[in-house]
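Here is the structure we will look at.
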Amino acid sequence: MRSRSVKSSASLLEELQTALAHGTVARRVETLRRVTDLFVGNAVDYSDEHIRVFDDVFQCLIERIETSAKALLADRLAPINAAPPQIIRTLALDDVIEVAGPVLSKSERLDETTLIDIARNKSQAHLKAISLRRVLSEALTDVLVTRGNEDVVQSTVSNPGAKLSEDSLAELVTRAERDDDLAACIGLRPDLPRHHYLKLVAKASLSVRRKLEAAHPELAAEVSSVVQEATQRVRAAAMTRQTEMARALVKSLHDDGRLNESQIATFAEQGKFDETNAGLAALAGVAVETAENMMIESRTEGVMILAKVAGMQWSSVRAIIAMREKLSGGSQTDMLSLRDTYEALRSSTAQQVLRFHRMQGTTSAA
């Protein structure tokens, strides 16, 4: 019975396609409605061959019809997983967002290549529609983040199905320094790596401090203290299972005598912030929280102080600094100049600075 119904539908579509060769615009719109009803009502029953027939007929029907009819077609076909792929692509490429929007945001029939091409070349409204899709790959989010305006970027970041690459995250965290709303969106993502979260909090705290101090200059010292305490609480809350596992791994290596400079350099080369930080803290003999505070500072002196106390060679220090730059999205530093600075740094000086950081950590904890 189902087979007969499908065959009858295909036959009807062929007859309609032939009749449309001489139809008026009004006739096309009415026929489009009827064919859409027929397809939507029986989509699960159609074979690939029948879907191709529908595809041809839809392509023929949408010629010389008004935008509102195309928009209605897009709205009805977008949620259907078995929708004819060519008509979906045609609708997605339409310059009118009322037509393209529904399929860009909902249709599973659009391939990755088409979506990326549209994201690179179409309007911000098209990008906004794409940002609402159930799933966004890293390649697609890279284009949305790079090319999208403020609305597109916030929509992308707020989408739990969007996968953000390391490069996109670094760019977003940098942008968030000037955009409190974006900072909030990024900070709420459960998949945000800890090193990015910490940088985000550090920058946001500075912004808050400036605003509060400007409003109440007589309370500047108290404001600074309150903000510092709030930052520490937020950092503690940002501890993830991944961070805990990384620290446990490094502790195990250290307890067994297997943690050395080479292992830390390997962690850094692999972009493993938590493991690198915990390893550096262990060799330098400081708490991981103290090392973390020094590692996320905007300058590189903190890294070099820890490394000098740990007795590390410049090649390992270079790997850690390179990792830090990549993860933070900061500008590339002059490694030759840093090498000279590191070689000139005395261990006794590094120890004195580290004692100061230890004292700060103890005071804050108290």
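The table that follows gives values for the structure above.
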{"quantity": "Zone residues, segment 276-292, relative to SER347, backbone N less than 13 Å from point 7 Å out along Cα-to-Cβ", "calculated": "284"}
{"quantity": "Ordering of 257-265, 31-39, 285-293 by packing [mean C-beta count within 10 Å, highest first]", "calculated": "285-293, 31-39, 257-265"}
{"quantity": "20 Å reach of a label modelled at ARG178, 7 Å along Cα-to-Cβ, counting backbone N of segment 121-136", "calculated": "124"}
{"quantity": "Subset of LYS199/LYS251; LYS272/LYS326; LYS251/LYS326 violating a 21 Å alpha-carbon distance limit", "calculated": "LYS199/LYS251; LYS251/LYS326"}
{"quantity": "Net charge, ILE51 excluded, C-beta distance under 12 Å - Lys, Arg +1, Asp, Glu -1", "calculated": "-3"}
{"quantity": "Carbon and sulfur %, accessible surface of segment 255-350 computed with the full protein complex present, 1.4 Å", "calculated": "43 percent"}
{"quantity": "Radius 13 Å from Cβ of LEU132, net charge of other residues (Lys, Arg +1; Asp, Glu -1)", "calculated": "+3"}
{"quantity": "Gain on full stretching of the segment that runs from ILE51 to ARG76 - 0.36 nm per residue minus C-alpha separation", "calculated": "7.5 nm"}
{"quantity": "Per residue value of the accessible surface for segment 241-314 (all protein chains in place, 1.4 Å probe), Å²", "calculated": "45 Å²"}
{"quantity": "For ALA162, distant residues with modelled amide H under 5 Å away", "calculated": "LEU136"}
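The values are calculated or read from the model by the stated rules, or taken from the named source; none is laboratory data. Just so it is clear, the model here is predicted, and its values are computed rather than measured. A quick note on method: Cβ atoms are made from the backbone with ideal geometry, for glycine too, and the neighbour counts reach across all protein chains shown. We work out accessible area using only protein heavy atoms, side chains counted, and drop any ligands, DNA or RNA first. Shrake-Rupley method; radii C 1.70, N 1.55, O 1.52, S 1.80 Å.
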